[in-house]
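Worksheet for the structure shown next.
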Amino acid sequence: MAVVRVRGPLRALAGGRGEHELEGPTVLELLRSFESRNPDTRGWILDERGHIRPHINVFVDAERGAEHTPVPAGARVEVIPAITGG
């Protein structure tokens, strides 16, 4: 199992929980599992084709991750929406 951490609006949409223990061999599978268990988050992380949205940053054990990045057991995965402004 890995620990997925979410903040801000994602945390609120995930029942107010900031940490979620999930299984998935890759970042993409882990995020699909997260959305499956937290249906209010659907569409916020993954787009309509099932890919990570461009404004979402994912880190696996403090290293930038991509959809096919392996997620080892015990990993800490951070899901961070980009901050924009102007």
Inset, instruction - Go through the residues of region 14-27 one by one and say whether even a single one is under 11 Å from the mean Cα position of the chain (by Cα), among the charged types (D, E, K, R) and surrounded by 14 or more Cβ atoms within 10 Å (Cβ to Cβ). - result: no
Legend entry - Verdict on residue 59 being aromatic (Phe, Trp, Tyr) and either in a helix (DSSP H, G or I) or in contact with a His (Cβ under 6 Å, 6 or more places away or on another chain) (or both): no
Legend entry - Condition broken by residue 55, with the remaining ones in (1) in contact with a Lys or Arg (Cβ under 6 Å, 6 or more places away or on another chain); (2) at pLDDT below 95 satisfied: (1)
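Which one of these is over 15 Å from residue 7 (Cβ atoms), without any contact (Cβ under 8 Å) to a residue 12 or more places away in the chain and either out of contact with any Phe, Trp or Tyr (no Cβ under 7 Å at 6 or more places or on another chain) or surrounded by 10 or more Cβ atoms within 10 Å (Cβ to Cβ) (or both): 67, 48?
Only one candidate qualifies: 48.
Is it the case, given these coordinates, that residue 48 is more than 16 Å from residue 8 (Cα to Cα), over 12 Å from the mean Cα position of the chain (by Cα), part of a loop (DSSP other than H, G, I, E, B) and acidic (Asp, Glu)?
On the way: more than 16 Å from residue 8 (Cα to Cα): yes; over 12 Å from the mean Cα position of the chain (by Cα): yes; part of a loop (DSSP other than H, G, I, E, B): yes; acidic (Asp, Glu): yes.
Criteria met by residue 48.
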Legend entry - Per-region count, region 2-34, residues of a type in the set (A, V, I, L, M) and in contact (Cβ under 8 Å) with a residue 40 or more places away in the chain: 9
Inset, instruction - Go through the residues of region 35-44 one by one and say whether even a single one is surrounded by 12 or more Cβ atoms within 10 Å (Cβ to Cβ), in contact (Cβ under 8 Å) with a residue 40 or more places away in the chain and not in a loop (DSSP other than H, G, I, E, B). - result: no
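The values are calculated or read from the model by the stated rules, or taken from the named source; none is laboratory data. Only a predicted model underlies this, so the values are computations on that prediction, with no experimental measurement involved. Methodologically, a virtual Cβ is constructed for each residue, glycine included, from the backbone with ideal geometry; neighbour enumeration extends over all protein chains shown.
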